[in-house]
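Here the structure comes first, spelled out in C-alpha cells, and everything after it is commentary.
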There are 2 protein chains.
Amino acid sequence: MPTETPAAGAASGARSLPHPDREDIRLAQVLHALADPMRLRIVCALAAAEGELNCADIELPVSKSTCTHHFRVLREHGVIQQFYRGTAKMNGLRRTDLDELFPGLIDGVLQAARLQERRLGAL
Amino acid sequence: MPTETPAAGAASGARSLPHPDREDIRLAQVLHALADPMRLRIVCALAAAEGELNCADIELPVSKSTCTHHFRVLREHGVIQQFYRGTAKMNGLRRTDLDELFPGLIDGVLQAARLQERRLGAL
DNA sequence: GCCATAATACGATGCTCGTCGTAGAAGCGG
DNA sequence: CCGCTTCTACGACGAGCATCGTATTATGGC
C-alpha cells in the first residue's frame with residue numbers, strides 16, 4: 001500500500017524524508033514538478049510500475065546527484081512518496097492523495113505523456 | 001470560431017503574433033506555462049469567459065510588462081491564441097488544439113484549479 | 001570491526017525566469 | 001494632425017533551477 005501516510009510508525013531507520021501533508025499540496029507546485037522532462041519521465045515510469053521502484057531502477061541521462069535532486073523535488077511537491085528499505089530508497093506515486101485533491105489531473109497528464117510519446121516516436 | 005489557425009488571412013494589421021503549430025506543442029512546455037500562478041489565473045479566466053478577452057480584462061497584481069510577458073509565454077507554448085482588434089489584443093484558449101493533443105488534460109487542470117480555489121477559499 | 005553499496009549533502013556554475021520601469025509603436029477618435 | 005489608449009520592446013536585476021563533482025553518511029554482509 002504505497003499510499004499510506006509515512007508518519008504512521010516512523011519506520012525503522014533515522015533517515016527521515018519529509019513529505020508535505022495532503023492539504024498542503026498546491027496545484028502550481030505539482031504542475032511545476034511535472035513540467036521538467038526528466039521528472040515527467042520519472043513519474044511515467046512510476047505510474048507504469050504500479051508499485052515501488054528503486055531510485056536506480058529508472059535510467060536517466062543525468063548524473064546521480066541530479067537524479068536525487070529531481071526525486072526530492074517530486075517528493076517535496078507532493079507528487080511522489082519515498083521511504084527507505086535498507087540502503088535502497090523506494091519511490092511511489094501519491095496517486096490516492098493526488099486523485100482526491102485533483103481528480104483526473106494525473107490521469108490526464110499521464111495519458112498526454114503517452115500520447116505525445118507515441119506521436120513523436122512514430123514520426 | 002476562436003480556434004482557427006491564425007495564418008489563414010493574415011488579418012488586417014502588420015503586427016504579427018507567431019503561434020506554434022499544433023504538432024509543435026509539447027506537453028512539458030504546456031505544463032511549464034501552466035505552472036505559474038499568474039498564468040494559471042489567466043487561463044482560468046479565459047476558460048470561464050468562453051470567448052475572447054482583452055488583455056486588460058484580467059486583473060493581475062503585476063505590472064503591465066509582466067502581464068504582456070505571461071501572455072506571450074502562454075501563446076508561444078501553445079496554450080492561448082492572440083490576435084489584434086484595433087488597439088486591443090484579444091485572447092482565447094486553444095481548447096480544440098489542446099483537447100486533440102492531450103484529451104482531458106486542460107479539463108483536469110481547470111477543474112483542479114477550481115477545486116483548490118474553493119478548498120483554500122473556504123478554509 | 002570493516003568494506004561495499006546506495007543515496008545525500010554541499011558548493012559551484014551557467015542558464016532561465018519573473019518582475020519591473022521606461023521608452024516606443026500601432027490604431028482610434030476628435 | 002494630435003492626443004489617448006493599448007500593448008510591445010529593451011534592458012536590468014534578483015531569484016531559482018538543472019546540472020555536475022566530490023566528500024560524507026547510513027545500511028547490510030563478511
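The values are calculated or read from the model by the stated rules, or taken from the named source; none is laboratory data. Everything quoted here is computed from the prediction, not taken from an experiment. Quick reminder, even Gly has a Cβ in these numbers, built from the backbone with ideal geometry, and neighbours come from all protein chains shown. Ligands, DNA and RNA are stripped out before the accessible areas are found, and what is left, the full protein with its side chains, is counted by its heavy atoms. Shrake-Rupley method; radii C 1.70, N 1.55, O 1.52, S 1.80 Å.
Selection of first residues in region A:29-45 that are in contact (Cβ under 8 Å) with a residue 24 or more places away in the chain and of second residues that are buried (at least 18 other Cβ atoms within 10 Å of the Cβ) and aromatic (Phe, Trp, Tyr), restricted to Cβ pairs under 9 Å at least 6 apart or on distinct chains, gives the following pairs, ordered by first then second residue: A:30/A:102; A:39/A:71; A:42/A:71.
Of all residues in region B:21-62 being among the aliphatic types (A, V, I, L, M) and in a loop (DSSP other than H, G, I, E, B), which is farthest from the other protein chains (Cβ to nearest Cβ)?
Step one: list which residues in region B:21-62 are among the aliphatic types (A, V, I, L, M), which gives B:25, B:27-28, B:30-31, B:33-35, B:38, B:40, B:42-43, B:45-49, B:53, B:56, B:58, B:60, B:62.
This time we only want the ones that are in a loop (DSSP other than H, G, I, E, B), so: B:25, B:35, B:58, B:60, B:62.
Details: B:25: 9, B:35: 4, B:58: 17, B:60: 15, B:62: 15 Å.
Residue satisfying both the conditions and the ranking: B:58.
Mind checking which residues of region A:55-64 are farther than 16 Å from residue A:87 by Cα and loosely packed, with under 14 Cβ neighbours inside 10 Å?
If the condition is that a residue be farther than 16 Å from residue A:87 by Cα and loosely packed, with under 14 Cβ neighbours inside 10 Å, then A:59, A:61, A:62, A:63 are the ones that fit.
Close Cβ contacts (under 6 Å, 6 or more residues apart or on different chains) running from residues in region B:49-76 that are over 14 Å from residue B:94 (Cα atoms) to residues that are of a type in the set (A, V, I, L, M) and more than 10 Å from DNA strand D (Cβ to nearest atom) comprise B:58/B:42; B:58/B:45; B:60/B:38; B:67/B:60; B:70/B:38. When region B:63-73 is filtered for residues that are within 11 Å of DNA strand D (Cβ to nearest atom) and within 14 Å of chain A (Cβ to nearest Cβ), only B:70 remains. Inclusion of residue A:8 among residues that are modelled with pLDDT under 75, open to solvent by 50 Å² or more (accessible area, probe 1.4 Å) and farther than 23 Å from residue A:109 by Cβ is warranted.
Selection of region A:74-117 for residues being within 12 Å of another protein chain (Cβ to nearest Cβ) and more than 17 Å from the chain's Cα centre (by Cα) yields A:115, A:116, A:117. Taking region A:39-54 as the range and being crowded, with 17+ Cβ neighbours inside 10 Å and within 15 Å of DNA strand C (Cβ to nearest atom) as the test, the residues that pass are A:39, A:42, A:46, A:52, A:53. If the condition is being under 21 Å from residue B:112 (Cβ atoms) and touching a strand residue (DSSP E or B) at 6+ places or on another chain (Cβ under 9 Å), then region B:54-91 contributes B:58, B:74, B:79, B:80.
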